[in-house]
Amino acid sequence: MSFPLGNRRRVSATLPFSFLVALSFAVAAIAGGSKSPYCNNPVQLAMVKIWVDGDEGEYLAGLTASFGATLPEEKNKVPKLPAVFSNPLNGCSSSSSKLSGSAALSVRGDCDFVTKAKVAQSGGAQALLVINDKEEIEQIDCSGDVSPNISIPVVMVPKSVRDELTKTMANKRVELLLYAPTRPIVDISVVFLWAMSVGTVFTASLWQEFGISEQTEKRLNESSSKESSDAGTDSDNDQETIDISVKGAILFVILASVFLLLLFFFMSSWFLLVLTVLFCIGGVQGMHNIIMTPVTRKCRNCPQKTVRLPVIGEVSILSLGVFLLCVIFAVAWAVHRRASYSWVGQNILGICMMINVLQLARLPNIKVATVLLCLAFFYDIFWVFISPLIFQQSVMIAVAKGKNTGGESIPMLLRVPRLIDPWGGYNMIGFGDILFPGLLITFTYRFDRESKKSMGKGYFVWLMVGYGFGLFFTYLGLYLMNGNGQPALLYLVPCTLGVTVVLAAIRGDLKALWGYSSKSSAMINPTAEV
């Protein structure tokens, strides 16, 4: 059902859940234990369900005060209350609006929260919703009054509620239902997200067997540069690789930080649209290569009809048809990207793009891998944990939440809807948490293959296991931190780069890996460097 407030279900995926919970004293159960006059109530994440003219709409998330009545966990234990704005709106003095039996709404400011609650309660209100002056929600304290004697629930809601509810309530009847459902310890969607991430890295590593590795072997067996050049034009899928250098790794992390700051300060609807277009272009290219690589491998000697296009030149009809289908898929996703099912298309495009990137960009040795992953390690920690000390909020989390875009997150994420969480929302993982470790894992696969190492004596299998455990520790940290955003590379780098260095040191391969140079990569593109 469409609700004028917009899709408030998205709030649950982006609002920070690392709320400070006050220590609760044992209070005798009075009237079922739902009321407490003291300023030591446990803070609850409140669900505010909304009805418009009798039709159930979406919901928004709020946070209860450390005083007043606690909210029940089940919605059938509380009645729906008509929503009424206090008059004056600040709720600091007796309201000229009739508040009896209603859920009163007031804005933050001009007086303390306890005063607002006492005024609403004296007017007969059954609940008070305080509209914050910013989109985040914060804990409501007693401001020094340790015994406010408030018997109604007090909930803080985001800033956007004011304008949207004002518009809705102008000509429609709005009712609210407040309760606090418990969240499951683990949502099954985490398992799917874990499987997609591990599967993407695994597929990207072995994808060389379906395309690039064959071209490499063919070129290594060529005896002349002309024959090598001819081999490079056998199919539409041939592509060169780019070896990342130490300087390139440092420059990349610097540019990533600059870009993150640009997103933080200048993120808007049009900026998000630009990112969406770029994401679609990368997704189309990746999907086209993913489809065409096995096709051209199986039909390398099959006759193909071609067509000459302006600017592009001669291309096969099959390749052109696949490209057009990929474009249609990407455009359809972009048009419906706000739909509840759009995560499927976003994940398909994103996985294809990441597999393609892991074929184009390569780490030549462990020296470059150490520089890149260590910088990425501190990059993740700084922008998640340290940036709030400078910018008053976590830059990484703010960008992922879709700051100034109405809650729509950037598309450079894999996401899966929470299946058993009453709050809904999505579990997400950024592309960087897959690509950075993926570069190292694909390198170890090439090293094992070119060094003819068995599965047990190689590095690829061990790193895949390490990556899987790193993601597990990430979600474990997310749970232990009550849903607060976690820098995944904090766990993934030690579980991948750390495992590689330790194993190489034990086996005596560290020197070889540190300055390793892949001959096959050099034959594909001996001078490419980023």
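Structure data summary
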read-out	value
Solvent-accessible surface ranking, highest first, for Lys116, Lys134 at 1.4 angstrom	Lys134, Lys116
Extension gain (nm, one decimal) between Val461 and Glu73, 0.36 nm per residue minus Cα-Cα	135.1 nm
Long-range amide H partners of Ile150 with built H, under 5 Å	Gly68
The stretch 456-511: translational diffusion in µm²/s, Stokes-Einstein, Kirkwood Rh over Cα pairs, 4 °C, 1.567 mPa s	108 µm²/s
J(HN,Hα) series, the stretch 166-174, from Karplus relation 6.51 cos²θ - 1.76 cosθ + 1.60, nearest Hz, glycine and proline x	4, 5, 5, 6, 5, 9, 9, 8, 10
Carbon and sulfur %, accessible surface of the stretch 376-455 computed with the full protein complex present, 1.4 Å	66 percent
Net length gained if the chain between Asp133 and Lys247 were fully extended (0.36 nm per residue, minus Cα distance)	36.6 nm
Accessible surface, per residue, of the stretch 310-352 when the full set of protein chains is kept, probe 1.4 Å, Å²	57 Å²
Karplus-derived 3J(HN,Hα), 6.51/-1.76/1.60, for each residue of the stretch 486-502, Hz, glycine and proline x	10, x, 4, 5, 4, 9, 6, 5, x, 7, 10, 5, x, 4, 4, 5, 5
Approximate spin-label separation Asp110-Leu480, in nm, with each point projected 7 Å along Cα-to-Cβ	4.7 nm
Protection proxy ranking of 356-362, 418-424 - average other beta-carbon atoms within 10 Å, highest first	356-362, 418-424
Cα-Cα over 18 Å, subset of Lys80/Lys134; Lys98/Lys118; Lys367/Lys511; Lys80/Lys172	Lys80/Lys134
Solvent-accessible heavy-atom area per residue, rounded to whole Å², over the stretch 375-516 at 1.4 Å	43 Å²
Angstrom value of the Kirkwood radius, inverse mean 1/r, which spans all Cα pairs in the stretch 309-369	14.3 Å
Check: the stretch 293-450 dipole with +1 on Lys, Arg Cβ and -1 on Asp, Glu Cβ, in debye	460 debye
Cα centroid separation, the stretch 281-342 to the stretch 44-92 (Å)	50 Å
Built amide H within the under 5 Å cut-off of Ile410, gap 5+	Gly402
Positive-end residue of Ser409, Phe378, Phe436, charge dipole of the stretch 361-440 with Cβ unit charges	Phe436
Around Val461: net Lys/Arg minus Asp/Glu count, Cβ-Cβ under 13 Å	+2
Derived scalar couplings ³J(HN,Hα) [the stretch 420-434; Karplus, 6.51 cos²θ - 1.76 cosθ + 1.60; whole Hz; x for Gly, Pro]	10, 7, x, 7, x, x, 9, 9, 9, 9, x, 4, x, 6, 9
Apportionment of accessible area to carbon and sulfur, the stretch 306-351, percent (1.4 Å)	76 percent
By average C-beta atoms within 10 angstrom, highest first, the peptides 86-92, 487-493	487-493, 86-92
Principal axes of the stretch 305-428: Cα extent on each, largest first, Å	60, 45, 28
Alpha carbon convex hull of the stretch 35-181, projected area averaged over orientations, nm²	7.7 nm²
Neighbourhood net charge (13 Å Cβ-Cβ; Lys/Arg +1, Asp/Glu -1) for Ser95	+3
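The values are calculated or read from the model by the stated rules, or taken from the named source; none is laboratory data. Keep in mind it's a predicted model, so treat the numbers as computed, not measured. Cβ coordinates were reconstructed from backbone atoms using ideal geometry, including for glycine residues, and neighbour counts include every protein chain displayed. Side chains are part of the model used for accessible areas, which takes the heavy atoms of the whole protein and leaves out ligands, DNA and RNA. Shrake-Rupley method; radii C 1.70, N 1.55, O 1.52, S 1.80 Å.
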